[in-house]
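A quick write-up on the structure given underneath.
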Amino acid sequence: MDVLLGNLGEFLTRFGGTLGLFVVSAIASLILGVVLAAMRVSPVPAMRATGTAYVTLLRNTPLTLVLFFFALGFTKIFFYLPFFLLAVIGLSLYTAAFVCEVVRGGISTVPEGQAEAARALGLGFTQILGLVVLPQAVRSVMPPLTSVQIALLKNTTVAAGFSVFEAGGFYRAVNERGGSTLVALLWVALGFIVLVIPLTVLQRRLEKRWSVAR
Amino acid sequence: MSAPTAVLFDVPGPRARARNTLAGVATLAVVAALLAVIVWRLGATGQLDARVWEWITYENVQLALLDGLVNTLWAFASGAVLALLLGAVLALGRLSDHRALRSLASGIVELFRAVPLVVLMFLFYYGLPSAGVTVSTYAAVVLGLMLYNGAVLAEVFRAGVLAVPRGQSEAAYALGMRKSGVMRFVLLPQAVRSMMPAIISQLVVLLKDSALGFLITYPELLFQAQFLGSNATLGSPLIPVALVVAVIYIALCLLLSALATWIEQRSRRNPAVIAVAAAGRPDDA
């Protein structure tokens with residue numbers, strides 16, 4: 001118990017770092033994921049190919065490898081960026097691939113008649129997507145999207161291995177001050193449980209309320 | 001392109017064709033520019049010089065990378081087998097008729113799905129020594145993989161068993177079989193067959209997660225990459241080694257994913273396999 005109380009400031013600021021990573025990466029991955037999904041269903045073959053290549057590449061790469069490149073390689077090749085930003089870029093690029101797949105699945109659950117009616121009204125591709133399909137796709141997209149974001153929250157801990165200031169590194173701080181790393185890590189695990197389980201409950205509830213028969 | 005998404009745009013007329021071609025050219029230009037910038041920067045920082053690539057020719061280095069690959073595959077294989085076993089046990093627990101067993105199994109599954117895999121591995125490798133128990137990196141990696149993926153696979157197995165048409169179990173009970181017999185001979189075989197793609201997808205996730213062993217110094221591929229990459233006598237070839245390792249990882253995962261897709265397509269054509277509603281990979285990532 002005193003491991004937690006003695007290091008409470010550190011514990012809370014580190015979880016703040018985790019949440020900061022999570023929120024920024026979540027928003028960035030959502031935007032990029034929707035753009036990628038639009039690219040994958042667009043009438044332009046080059047865009048479809050680029051989107052497919054991107055998603056296939058990043059879904060089959062370990063996140064550790066992606067962060068490895070960004071944390072250790074990016075500064076060598078390009079320019080300096082603080083570790084936090086590098087981690088955010090890596091996490092967003094990785095998660096965007098999964099968001100894209102989820103949104104694409106959601107687009108395919110919207111009844112064809114909707115898109116056909118929109119076309120009959122003379123709406124263009126971006127208009128059909130933006131005004132008709134995507135708003136309806138939100139229903140079937142939300143539960144798996146929540147799953148992907150929960151996975152992102154847990155993946156932020158991978159950044160801990162690259163000295164990004166977040167919860168996974170709490171045990172090191174405790175170790176330096178001579179505390180028990182076991183207790184420290186158990187507290188970190190408990191912290192994540194407290195964060196993740198409400199999100200999981202929310203996701204289950206969304207799934208029950210909004211599930212769409214495919 | 002799938003049928004629903006094909007209706008998103010009309011057959012392009014001349015203006016739309018011109019616009020689409022323009023958009024296509026613009027996209028290709030952007031992608032080419034990005035790749036060009038990357039290659040230029042790689043060249044400018046000396047990552048494409050022969051000096052930083054000569055490590056490939058050294059037999060020691062090749063053996064070291066092979067060693068890393070073997071360790072990765074070892075962790076993957078042990079983790080996979082144990083996770084499948086644990087998943088089956090937990091799934092049976094969640095499907096049990098006894099409330100106590102059901103709650104216990106559900107609690108365990110929820111617990112291990114909520115804790116990040118990294119924290120689990122850290123717990124085993126950095127945490128247990130405080131309690132006097134030392135664990136090898138291999139054991140920590142495999143234990144972590146087993147617990148997390150076992151919990152996820154439990155959900156997959158459970159979904160598979162619940163997807164088997166009710167008539168199957170009703171007929172089995174009518175024949176006088178008891179619960180264990182129904183599970184063993186009727187439900188589980190059909191469940192596993194229909195959930196094969198989802199199970200293999202989860203195994204791909206397991207393979208990717210074995211790379212997390214790098215964070216606790218388990219000598220798998222990525223660890224070897226960093227070790228070799230910071231070796232000054234080889235010219236500190238961090239980027240080249242990482243690129244080669246990336247190719248190896250992506251190839252392995254693509255192979256497994258292709259296996260999953262092939263099985264899914266085969267089972268779709270086979271009327272005996274129950275089609276379970278698209279088991280995507282929502283929980284991985």
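Remarks
- Listed by number, the DSSP H helices of chain A that run 15 Å or longer by alpha-carbon position along their axis and have mean Kyte hydropathy of at least 0.0 are A:8-40, A:45-59, A:83-109, A:134-155, A:181-210.
- Estimated purely from DSSP H runs of n ≥ 4, each contributing -39500 (n - 2.57), the mean residue ellipticity at 222 nm for chain A is -24500 deg cm²/dmol once divided by its residues.
- Percent RCO, i.e. relative contact order, over chain B, from Cα pairs under 8 Å lying at least 6 residues apart: 22
- Value at 222 nm in deg cm²/dmol, rounded to 500, when DSSP H runs of n ≥ 4 in chain B each add -39,500 (n - 2.57): -23000 deg cm²/dmol
- Cα principal axis extents for segment A:61-158, largest first, Å: 53, 27, 19
- GNM result for chain A, Cα springs below 10 Å: residue of A:Gly17, A:Gly51, A:Gly73 fluctuating most strongly: A:Gly73
- Degrees, to the nearest 10: B:188-209 long Cα axis against longest axis of chain B: 30
- For B:Leu66, B:Leu212, B:Leu256, B:Leu243, order by how many other beta-carbon atoms lie within 10 Å, fewest first: B:Leu66, B:Leu243, B:Leu256, B:Leu212
- Against chain B, whose longest principal axis is taken from its Cα atoms, helix B:99-114 shows a tilt of about 10°.
- Percent of alpha-carbon pairs separated by more than 26 Å within segment A:1-138: 41
- Look at the stretch B:241-248: the mean tally of other chain Cβ atoms within 10 Å of its residues' Cβ atoms is 2.
- Of the GluC sites (Glu not before Pro) in segment A:92-126, those whose Cβ has at most 16 other Cβ within 10 Å and which sit in DSSP loop: none
- Taking all pairs of distinct alpha-carbon atoms in segment B:47-142, Kirkwood radius in angstrom: 16.8
- Ranked by how many other Cβ atoms sit within 10 Å of their own Cβ, fewest first, the residues B:Val25, B:Val31 fall in the order B:Val25, B:Val31.
- Each listed q (0.06, 0.07, 0.08 Å⁻¹) maps to a log10 I(q)/I(0) for the protein assembly as shown, found by the Debye formula over equal Cα scatterers with no solvent: -0.31, -0.42, -0.55.
- A straight Cα-to-Cα reach below 23 Å connects B:Lys208 with the lysines A:Lys154, residues fewer than 8 places away in its own chain not being considered.
- The charge dipole of segment B:53-269, taken about its Cα centre with unit charges on the Cβ of Lys, Arg, Asp and Glu (plus for the first two, minus for the last two), comes to roughly 1220 debye.
- Residue of B:Ala114, B:Ala91, B:Ala64 that the Gaussian network model of chain B assigns the largest fluctuation, springs spanning Cα pairs under 10 Å: B:Ala114
- Value of relative contact order over chain A, rounded to a whole percent, pairs C-alpha under 8 Å and six or more apart: 28
- The alpha-carbon atoms of segment B:53-269 define a convex hull whose volume equals 138 cubic angstrom per residue.
Every number in this text was worked out from the coordinates using simple rules, so none of it is lab data. Values in this document were obtained by computation on a predicted structure and should not be read as measured data. Neighbour counts are summed over all protein chains in view; Cβ atoms, including those assigned to glycine, are modelled from backbone coordinates with ideal geometry.
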